[in-house]
Ligand code: THU
């Protein structure tokens with residue numbers, strides 16, 4: 001496995017350990033690799049009002065953008081079962097192109113290795 005994918009898997013796994021998920025207890029970590037080799041990570045942050053919860057993928061992307069990175073090559077998403085990203089996160093990831101998407105489970109095993117366009121064909125775009 002390429003070194004950068006391993007670094008991403010480690011970053012997503014560590015981010016998952018920092019998840020704030022007292023309501024669902026479904027912990028999610030995400031890590032994105034930028035064109036310059038930098039990794040940004042995020043975890044899900046839940047809220048008592050439920051609807052204000054922010055997913056791990058969107059937190060990772062927003063952290064990257066706030067740091068000045070907007071070119072994303074790969075995103076790794078870590079959950080207990082290797083679950084696929086939700087529709088809202090697919091739309092947000094897709095804003096930045098046809099990013100490679102890997103999901104891994106709690107033991108670091110790759111469950112899905114796909115692309116954003118496969119997960120969200122014909123996504124909404126501004127012309
Ligand atoms: N969640 C994510 O962080 N990413 C997804 O793509 C799907 C769901 C979070 C939101 C909530 O904190 C928990 O998982 C259960 O839905």
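Any read-out appearing in this document is the output of simple, stated calculations on the displayed coordinates, not a laboratory observation. Everything quoted here is computed from the prediction, not taken from an experiment. Cβ placement follows ideal geometry from the backbone for every residue including glycine, while neighbour counts extend to all protein chains displayed.
Comparing mean-square fluctuations of 25, 57, 80 from a GNM of the chain with C-alpha springs under 10 Å, the top value falls on 25. Per the Cα gyration tensor, the chain maps to an equivalent ellipsoid with semi-axes of 20, 18, 14 Å, ordered largest to smallest. Hey, in the GNM for the chain with a 10 angstrom Cα cutoff, which one of 75, 93, 54 fluctuates hardest? Of 75, 93, 54, the Gaussian network model singles out 54 as fluctuating most. Across 21, 30, 48, mean-square fluctuation computed from a Gaussian network of the chain (C-alpha pairs under 10 Å connected) peaks at 48. Within the chain, DSSP assigns beta bridges of which about 75% are antiparallel (rounded to the nearest 5).
Sorting 62, 55, 89 by the number of Cβ atoms found within 10 Å of their own Cβ, with the fewest placed first, yields 62, 55, 89.
In terms of other Cβ atoms within 10 Å, 122, 69, 81 run from fewest to most in the order 122, 81, 69.
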